[in-house]
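Visitor: Would you mind keeping the following structure in view while I ask a few things?
What follows is calculated from the coordinates using simple rules that are stated; it is not laboratory data. Owing to the predicted nature of the structure, the values given are computational and were not obtained by experimental measurement. All Cβ positions, glycine included, derive from the backbone under ideal geometry; neighbour counts span all protein chains shown.
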Amino acid sequence: MKTAAPARRVLFLLYEMPIFQYLCTKQPGIMQKHHLQHLIIFFMAVCMTACHTDSQEEEQPATNDSLQTETQSQNSDSLPMPQAWAETVKKNIHLEQPLTLKEQAAEVQLIIGSDTGVVRGFYLGDSIQKVMQHEQAWLIEDSTGFKTFSIDLSRRRAEMIDIQYFTDSLTHQLVQSIIIDIYQADAGMWYEKMYDYYTARYGKPTEEEKGKRAVWQSPATYRVVLEKKTIKQAPGIRIRYMPL
């Protein structure tokens, strides 16, 4: 999976630096050109490092998920995958602890987005066309295998929420997994608020590395993974929704 969010964050921060604005707006002399060139080269290196690190971080989960999908597909003799997941989740969603979104913290409301569905009003196995029609965030990437939507939290500080809907590998028409990246300086606060919400909805985590990573299993047969990001250039948290 590829994402441009760390790069966008670094470029925003570069533009906001007073020295960068000074060097760009003043009549450039030889020394100013020299400093500007070095500054741009430095930030390009940081940007490439952020993107490379993020892609490495994402590569292994994607591989594990694909292996899990293969195993599930081999064992399924009912509805085609992942349509079968949607039927199972919808049938058992009532087993979760009912929570009213408007009673949750503002950060939780912004991410969860709806009282229905698994998240933002959608289920795993829903049509990607349904997502395209009803997702309220801004579409920034329209690829065959996934769609990326974004919500700006603070353009000046390059804080944002990226929501990616990944489709099945056979038809590319059904939502197979959902990944939400929150790029926010106060990652700890966002982590705690989402942790409290998921614990109230699903119960205690089935796996946990305190303050860094937690996994919940829904009685509606899907799991949620909450992780704190380790990339210094783009702090925040990641949330993954995937079938069991």
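Visitor: DSSP loop (so not H, G, I, E, B), at most 12 other Cβ within 10 Å: list which trypsin sites (Lys or Arg not before Pro) in region 87-120 pass both filters.
Guide: Nothing satisfies the criteria.
Visitor: When all alpha-carbon pairs of region 131-244 are counted, what percent fall beyond 16 Å? Before the final figure, lay out the partial values.
Guide: Details: 4053 of 6441 pairs.
That tail contains 63 percent of the Cα-Cα pairs.
Visitor: List, in the order given, every pair from Lys91/Lys130; Lys147/Lys193; Lys102/Lys212; Lys91/Lys232; Lys102/Lys204 whose Cα-Cα distance in the structure shown is over 31 Å. It would help to have the intermediate numbers written out before the result.
Guide: Details: Lys91/Lys130 19 Å; Lys147/Lys193 26 Å; Lys102/Lys212 27 Å; Lys91/Lys232 41 Å; Lys102/Lys204 22 Å.
Beyond 31 Å: Lys91/Lys232.
Visitor: Under the classification rounded if a/c is under 1.5, otherwise prolate if a/b is larger than b/c and oblate if not, where does region 127-195 fall, given a ≥ b ≥ c as square roots of the Cα gyration tensor eigenvalues? Don't skip to the end; give the middle numbers.
Guide: On the way: a/c = 2.72, a/b = 1.87, b/c = 1.45.
It comes out prolate by the Cα gyration axes.
Visitor: What list of ³J(HN,Hα) couplings, whole Hz, do you get for region 130-141 from phi and the Karplus terms 6.51, -1.76, 1.60, once you set θ to phi - 60° and write x for glycine and proline?
Guide: 4, 4, 4, 7, 10, 5, 8, 6, 7, 6, 10, 8
Visitor: So who's got an amide H within less than 5 Å of the one on Leu124, skipping anything under 5 residues away but keeping other chains? H placed 1.01 Å off N, in plane.
Guide: Residues meeting the criterion, in which the H sits 1.01 Å from N, are Val118.
Visitor: Apply the Kirkwood formula to region 187-244: the hydrodynamic radius equals the inverse of the mean of 1/r over all pairs of different alpha-carbon atoms; give it in Å with one decimal.
Guide: 11.6 Å
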